[in-house]
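Below: one structure, written as C-alpha cells.
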Amino acid sequence: MTKRAVVRGVGHYLPDRVVPNSEFEKTLDTSDEWIRARSGIERRHFAAEGQGTSDLALCAARAALDDAGMVPDDIDAIILATSTADLTFPAAATMVQSALGMTRGFAFDVQAVCAGFIYALANANALILSGQADRVLVIGAETFSRIMDWTDRSTCVLFGDGAGALVLEAQTGTGETSDRGILSTDLNSDGRHREILYVDGGVSTQTTGYLRMQGKEVFRHAVEKLAATAHTALDKVGLKDSDVDWIVPHQANLRIIKATAQKMGLPMSRVVVTVQDHGNTSAASIPLALAVGAARGQIKQGDLLVTEAIGGGLAWGSVVLRW
Ligand code: UT7
C-alpha cells in the first residue's frame, strides 16, 4: 500500500482580452511573422486593469473544485505558484483562500518563476505523502503583463497572463507505476545564472522593475536541461521515454518544445502545445496546458504524463504523473 497524490480536478481561467501579434506591429519594430517563426506564439491574453493575479487564480481554483466535485472546505492546503503576487504580502494564496470562503487549512505562495508549478506540485506531493494534508489545491497564476517593458521587443511580445489549477487528493495505490497520481519529481536550481533572466526591481529597491532576458542563453539552457530533468524523473521510477503518453511542457517557445520532444524520441503528436494561444504565462503555463489538454480530449485518465519547466533562477524540474 503506497500513498499517492492523485489528480481529482483541473480548471483554468484566461482573461477576456486577447492580443494578437499584429498589435505589437503598431508600436514596435517587430512582425507577426518574426514572433510566430521564433517562438510559435500567435496571441496571448492580458488581464484587465484592476484584475490581479489572485483574481485569475480564484477563477481557475473554482473551476478545478467544480471539476473535482468538491467545496472549498474539503481542501486542506492551497499552494499558489506565482512571481507576480498582488501584494508584497500576504501571500496571494491566502487571498484566494479567503475569497473561496475557506476557513480552515493553510495557504502559501511558491516563487520559482516559470518552474513554479513544478515546485508547487512537488511540495503538494510532499505534504500529501507526509500526512500533513489530504487534499491540496495547486494553482499557477500570473500577470506578467505587469512586469513587461513595452519598449523591449525581445521580451514583451513573448509573455501573457492566465491561471490554471489542479486538485490533488491522497489515495492508496499499489506502489507500481500503474498507479494514478504523482510518481516522481525532480527539482533543480543554479543561482549562478541570475543575469540571464531576472526582474530589475523588487521590494528592497522600492521598485517593481521589468523582466530582463538574454533569450539565446535561456534557450540554450532550456534545450540542454529539460530533457535531462524529464529523464531523471522517469529513471527514478524505472520508466522510459516510450512509456510516456503526453509531454506537457512549459509553454515558452515552440522550438524548445520540439527540441525537447526530439531528445526524448517522441513525436509532436504526443506533446500538448498551447503556446500559440497563451504565450509564455510562466507558472501558469503548465496547469493551463493540463486543463486545455484534458478539455481537448488529449489527456485521458490513466495516461502517463511528463511535465517539465525552466525559468528564472535558473530553476527547473519535472514531474511524472499518471492522470
Ligand atoms: O519561460 C522562461 C524561459 N524563457 C525561455 O525559454 C525563452 C528562451 N528564449 C527564446 O525563446 C528565444 O531566444 C527568443 C524567442 C527570445 C528569441 O529568439 P532567437 O532566435 O534566440 O532570437 P535572438 O534573440 O537571437 O534575436 C535574433 C534577432 C536579433 O537581431 P540581430 O541582432 O540578429 O540583428 C534581435 O534583435 O531578432 C531580433 N529581435 C526581434 N526582431 C523582431 C528580437 N526580438 C525581436 C522582435 N521582432 N520581437
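A short reminder: the numbers here are calculations on the coordinates, not readings from a lab. Keep in mind that this is a model prediction, so the values were computed, not measured. FYI the Cβ positions are ideal-geometry reconstructions off the backbone, even for glycines, and counts take in every protein chain you see.
A few remarks follow.
- Residue within the stretch 213-224 that is more than 14 Å from the ligand (Cβ to nearest atom) and surrounded by fewer than 18 Cβ atoms within 10 Å (Cβ to Cβ) present: no
- Condition check for SER154: away from the ligand (no atom under 12 Å from the Cβ) and surrounded by fewer than 19 Cβ atoms within 10 Å (Cβ to Cβ): no
- Selected residue (criterion: nearest to TRP316 (Cα to Cα)) from residues of the stretch 225-238 that are surrounded by fewer than 19 Cβ atoms within 10 Å (Cβ to Cβ) and of a type in the set (A, V, I, L, M): ALA228
- Of the residues making up the stretch 8-56, those that are within 12 Å of the ligand (Cβ to nearest atom) and touching a Pro at 6+ places or on another chain (Cβ under 7 Å) number 0.
- Inspection of the stretch 6-23 identifies at least one residue that is surrounded by fewer than 20 Cβ atoms within 10 Å (Cβ to Cβ), part of a helix (DSSP H, G or I) and of a type in the set (Asp, Glu).
- Candidate set: the stretch 1-30, residues that are touching a residue at least 40 places away in the same chain (Cβ under 8 Å) and among the hydroxyl-bearing types (Ser, Thr, Tyr); chosen: the one nearest to ASP303 (Cα to Cα): THR2
- If you go through the stretch 261-298 and keep only what is touching a residue at least 40 places away in the same chain (Cβ under 8 Å), within 16 Å of the ligand (Cβ to nearest atom) and of a type in the set (Gly, Ala, Ser), you end up with GLY279, SER282, ALA283, ALA284, SER285, ALA289.
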